[in-house]
Amino acid sequence: MKDDQSSLAGGVNRFQTTRWSVVLASARSEAPGYREALADLCKVYWYPLYAFIRHRGSSPEDAQDLVQGFFLHLIEYKTLSRVDRSKGKFRSFLLASLQNYLSNENDRARCLKRGGKAEFVYIDLEKAEDRFELEPVEELTPEKIFDARWAIALLGEAMNRLSREYMAQGKESTFRALRAFLDPINTKRLPSHEEVAAQLGVSVGSLKTQIHRLRKQYTATVREEISRTVSDSADVDMETHALCQALIAAEGWVIP
Amino acid sequence: MGNTVNADAIDRSEEPGKEAGLEQHEIRTCAACGARFSATKENEFCPVCMLRNVLAGGVESGEFSSEDSVKPTQEDRAQRFEHYELVKGEDGTPVELGHGAMGVTYKAFDADLRCPVALKVISEKYLGDAPAQLRFLREARSAASVRHPNVASVFHLGKTGSSYFYAMEFVEGETLEKFIRRSRCLEVNIALEIVAQVTAGLAAVHKQKLVHRDIKPSNIMVSLEDGGAVSAKIIDLGLAKSLGEPGTQTAISIPGAFAGTPAYASPEQFAGLPIDIRSDLYSLGATLWEMLTGRVPFRGAPGEVMHQHQQRRYRWNNLRMFRNPWSCCSRRCCKRIPPGARRPLPNSNLCCAL
C-alpha cells in the first residue's frame, strides 16, 4: 500500500501545476511554464477537438491543421490571460474558444473567395425531406458529442495513468491481470480469484486486497483527472454528472 | 516551438477513433444502467457506470462489487449433469448461452437422445439457500407448464450432488438483442412477424395464468430460415409469476423487490400494482420500439428510466417514418394502464390487429 500511495503522491506535483485553475492563474501572471502545463492538458483532450472539427465537415488534414492552429492561437494570442472569470470548466472554455476560432477561420477562408459571404443555394425541399425521412432520428448535437468524447478521453487517460504507475513499479503483469476487476458491472465473466491468485503467485486474500486497492486508485485517479479540468474542486461531482449525461445522450456513438 | 503545442505533442497512437479501433467496436447496452456504449477489445466497460462509480465513492458502491455476481465456478464447468454433458468451446470452457440472477445456462448434449439441449444450472451461491432453490424449482415448473412453439420447452428437472438444474429445448439462432445490435434496425415485416410470434407465445403463457415479467430482446431467440422466414421463441421464464400470487405486487419502495428490466418494464410493474399479461405486452411494445428504431424508448439510470416509463410521453415522432398501423401497434402495446385500460390482450385484439 505504501508503494501505491507514494506512487500516487509522486504525480501530485504534476497535477498541481497542470490543473486548469493553476494554468489560468499562471497565464494571467505570465508565469514561466504555463505553456507546458497547458500543453499537458491539451494533449489529453485534443481528440474531442479534432473530432468536433471533423464532424463539421473538415477533411482529416484540415482538422489536424485546425487543431494545431487553435492550440497555437491559444498561446500566441494569450487567450487565457483574457479569460475574465476564474470559475469555469476547461471543457466549456476550450469548446467555446474553438467555436470562435473556427468561425474566424471560416470567415477568413470565405473572404478569399469572390462574393465573400454571399450564399446562393437552391434548396430542393422535396428531395431534402425524402432524405430526412431516411435518416435515423438523431438528437445529438456536435457539442453533445464533444462532451461525450471528452468523457471517454478522460476515462482513457485515467486508465493509462494507472497503467503507467503500475508499470513504473514493475507491476505491469499485476495490472493486466487485475484490470478486468475494474469493470463496475461485470459485463463478462471474470476469472476466479483462485485462478488469478495462482497466476500472480499470491494468496486469494492478498489478491482481494490488491483488487480493492486498484479500484480505489482508479476512482481516485478519475476524480483527480476531473479535478484538473474544473476551477473548483467542489465542482468535480457536477462535472462528473455532466459527463455521465453526455455519455448517455451519445448512445454509444463515441468510440473509446 | 519548444514551448508550444506542436505535432509531436499529440500522440496519435492513442487516437480513440483510429481505424483499427473503429473496426472492432461494438455498441452494447449496459445491463446495469441501460446506457448504450461502444466497447472495444481494450475498453469494454460501461463508461457511465465507471463515472457513476466515482460519484458513489468507488469500492464502497454495491454495484462495483464483483463478489456478489453470479459466477460459475470451475466445479460448475467441469460437471456432468446426469446424462447431459456440457458442450465445450474451442478454449475448453463450457459454452455459455446466458446467465441471469439465479444461474447460468449452458449448451449441453443429451447423451441418451443424442441431441443438443440448453441446461440451466443454479448458481453455486444459492446452493444452501432454501428460498432461492424454491424459486429455481418454481421457475422450472412454470416454464414446463407452457407448451407452445413460440416458447422454449422445459422437459427435465434434476439434481446432481447439491446442484439443481433443468433441461430445456435448445433453440438455434441468436437472441433478438444480438440481432438488433447486428442490424441496428429491423425491417418492419420482420419486426412484426417477431411480435406476432411472441404474442402467440405470451397467449400460451397467459393460458397457464402466468406473467412473464421480463419480456425483452435478450429473452427472445430468433432464427432466420432460408427464404427469409423468421421464427421467434420466448426463453427464460425466470421471473414468471402466477396471476394473483402475492409476489406479483412488488413495490419498488421495497429495496430490491422490483423484478424485471427497467428499460422494458411496464409502469404498473414499477408502481407495484397488480399486474397481468398486459404488463408483458407493454414490454413487448418497448421491444418492438427497439426493433424499429434500434433504441429502447427511454434511457438513463434505472431510477430515471422508471420515472420516464411512468410519466414521460413516448416520442411517437420517432416512428413517423413507419406507416401508421405499424406504429399504432407499438402505441397500443405501450399505452399506460390504468387508467386507459385499453392495452389489448394477446389472444384477442392484438393478434387480430397484426
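Quick note: the coordinates plus some simple rules give every number you see, no bench work behind them. Only a predicted model underlies this, so the values are computations on that prediction, with no experimental measurement involved. Cβ: placed from backbone, ideal geometry, glycine included. Neighbour counts: every protein chain shown.
Points worth noting:
- Around the amide H of B:Gly103, modelled in the peptide plane, lie the amide H atoms of B:Ser123, all under 5 Å away and 5 or more residues distant in sequence or on another chain.
- Cβ crowding within 10 Å, taken as a proxy for footprinting-reagent exposure, orders A:Phe52, B:Phe109 from fewest neighbours to most as B:Phe109, A:Phe52.
- Rounded if a/c under 1.5, otherwise prolate or oblate - segment A:140-256, Cα gyration tensor axes: prolate
- Peptide packing: for A:100-106, A:222-228, the average count of neighbouring Cβ atoms within 10 Å per residue gives the ranking A:222-228, A:100-106, highest mean first.
- Contour excess over end-to-end distance, with Cα ends at B:Asp112 and B:Leu55 and 0.36 nm allotted per residue: 15.1 nm
- Length released on extending from B:Ile27 to B:Glu169, taking residue separation times 0.36 nm less the Cα-Cα span: 48.2 nm
- Neighbour-count ranking [beta-carbon atoms within 10 angstrom, fewest first] of B:Ser162, B:Ser279: B:Ser162, B:Ser279
- Over segment B:74-169, Cα pairs under 8 Å with separation of 6+ residues give a relative contact order of 22 percent.
- Within the shell defined by Cβ-Cβ distances under 14 Å, the residues around B:Pro131 carry a net charge of +1, with Lys and Arg each +1 and Asp and Glu each -1.
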